[in-house]
Amino acid sequence: MSRRLAASGLAVALAFAGACSRAAEPPTAPASSEQPQGAANPDGSTLKATPPDLRSPTGGGQLDTARPTLVAGSSQGLYTTASFVYRFEVSTPSGTVVHTSPLVSANGGEVRYALPSDLALNTPYRWRARAELGDHVGPWADHGEFITTDYRGLNPRPPDGQWPTTGPAVVAYVAAAFPDRLVRTAGVGDRVEHMEFLRDRIIEAGICGGLDLARNLKRGRGPHSTDAIAWRRPDGFVEVVDIASAYDAFREALRLHWFIVAGPSGYDPLPNHPGC
């Protein structure tokens with residue numbers, strides 16, 4: 001009987017000791033909530049943050065430029081208040097990456113990245129962005145889509161693809177393409193702005209049609225003529241071409257024409273012709 005009591009007492013004592021031992025073990029310390037997690041998520045991201053909010057350009061519409069500025073809202077950290085930097089990526093619809101940005105900082109809850117060179121004209125692209133912090137990267141945003149300008153959104157491409165090949169035809173083409181630039185204006189400043197716009201469109205369209213056109217430097221030295229251009233004929237002689245009738249009469253509708261005038265020419269090629 002005494003042996004059974006002793007054994008029973010020993011069992012109780014051992015159980016009590018084991019319980020005390022378990023109670024004395026410290027709880028597992030939680031992972032720090034101030035640092036991004038190092039383990040990759042299924043999408044490959046290692047930074048606990050929301051994707052940037054893509055703002056512009058989106059929706060697949062056609063832009064008026066071949067060198068857009070990409071705009072996104074900044075990401076929100078889920079467990080950190082650190083400031084992120086951002087990376088942008090531009091690709092074709094098939095997924096071929098054509099440009100990756102350096103890291104860009106946000107400003108006022110928004111991050112902007114201006115592409116450093118022109119994309120192909122009249123071409124669909126898509127883009128995305130993500131936040132980064134040190135060696136950690138956040139999830140990519142869903143793609144935004146856009147189409148680059150067709151001829152910078154200025155001269156519309158002829159429906160049959162054939163640009164006009166004579167001076168009068170070029171002038172008539174540009175006048176028909178931009179009727180809003182021919183209207184009466186409130187002042188001389190607006191008329192000059194419209195005339196210079198039309199002058200450059202005539203030069204661009206004429207070059208696409210095979211004419212060697214350029215801006216004209218007044219008196220051969222400058223400044224540029226507003227309502228005249230320079231035309232180098234096939235024989236090499238440079239003519240001065242008046243392209244508007246009384247353009248400074250801003251209270252009247254503007255009338256474009258092609259008229260050779262006397263005077264020294266100052267042939268000055270138009271910079272950055274966008275292509276045809």
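Check region 245-259 and report whether any residue there is of a type in the set (Phe, Trp, Tyr) and not in a strand (DSSP E or B). The answer is yes, given that some residue of region 245-259 is of a type in the set (Phe, Trp, Tyr) and not in a strand (DSSP E or B). Quick check: anything in region 229-240 over 20 Å from Arg255 (Cβ atoms) and of a type in the set (Phe, Trp, Tyr)? Looking for residues that are over 20 Å from Arg255 (Cβ atoms) and of a type in the set (Phe, Trp, Tyr), one finds at least one in region 229-240, hence yes.
Only a single item in (1) in contact (Cβ under 8 Å) with a residue 60 or more places away in the chain; (2) not assigned by TED's automatic domain parsing to the domain that holds Thr69 is not met by Leu198, and it is number (1).
When the residues of region 164-192 are filtered to those that are within 28 Å of the chain's Cα centre (by Cα) and under 29 Å from Val238 (Cβ atoms), the one that is modelled with the highest pLDDT is Val174.
Checked against (1) in contact (Cβ under 8 Å) with a residue 40 or more places away in the chain; (2) surrounded by fewer than 16 Cβ atoms within 10 Å (Cβ to Cβ), Leu256 passes all but condition (2). Summed over region 221-257, residues that are within 15 Å of Leu270 (Cα to Cα) and among the hydroxyl-bearing types (Ser, Thr, Tyr) total 2. The single condition among (1) under 28 Å from Pro274 (Cβ atoms); (2) surrounded by 18 or more Cβ atoms within 10 Å (Cβ to Cβ); (3) among the hydrophobic types (A, V, I, L, M, F, W, C); (4) in contact with a Ser or Thr (Cβ under 7 Å, 6 or more places away or on another chain) that Val137 does not satisfy is (1). Determine which member of the set Gly77, Gly109, Gly44, Gly95 is closer than 28 Å to Thr149 by Cα and not hydroxyl-bearing (Ser, Thr, Tyr). Sole residue among the options that is closer than 28 Å to Thr149 by Cα and not hydroxyl-bearing (Ser, Thr, Tyr): Gly95. Within region 221-276, the set of residues being touching a His at 6+ places or on another chain (Cβ under 9 Å) and of a type in the set (Ser, Thr, Tyr) comprises Ser245, Tyr247.
Here region 183-231 is the region considered, the condition is being under 20 Å from Pro274 (Cα atoms), of a type in the set (D, E, K, R) and in contact with a Leu (Cβ under 9 Å, 6 or more places away or on another chain), and the residue that is surrounded by the fewest Cβ atoms within 10 Å (Cβ to Cβ) is Asp200. Between Arg126, Arg157, the distinction of being farther than 30 Å from Asn41 by Cα and either buried (at least 17 other Cβ atoms within 10 Å of the Cβ) or of a type outside the set (Ser, Thr, Tyr) (or both) belongs to Arg157 only.
The values are calculated or read from the model by the stated rules, or taken from the named source; none is laboratory data. All values derive from a computational prediction rather than experimental measurement. Positions of Cβ are generated from backbone atoms using ideal geometry, with glycine treated the same way; all protein chains shown enter the neighbour counts.
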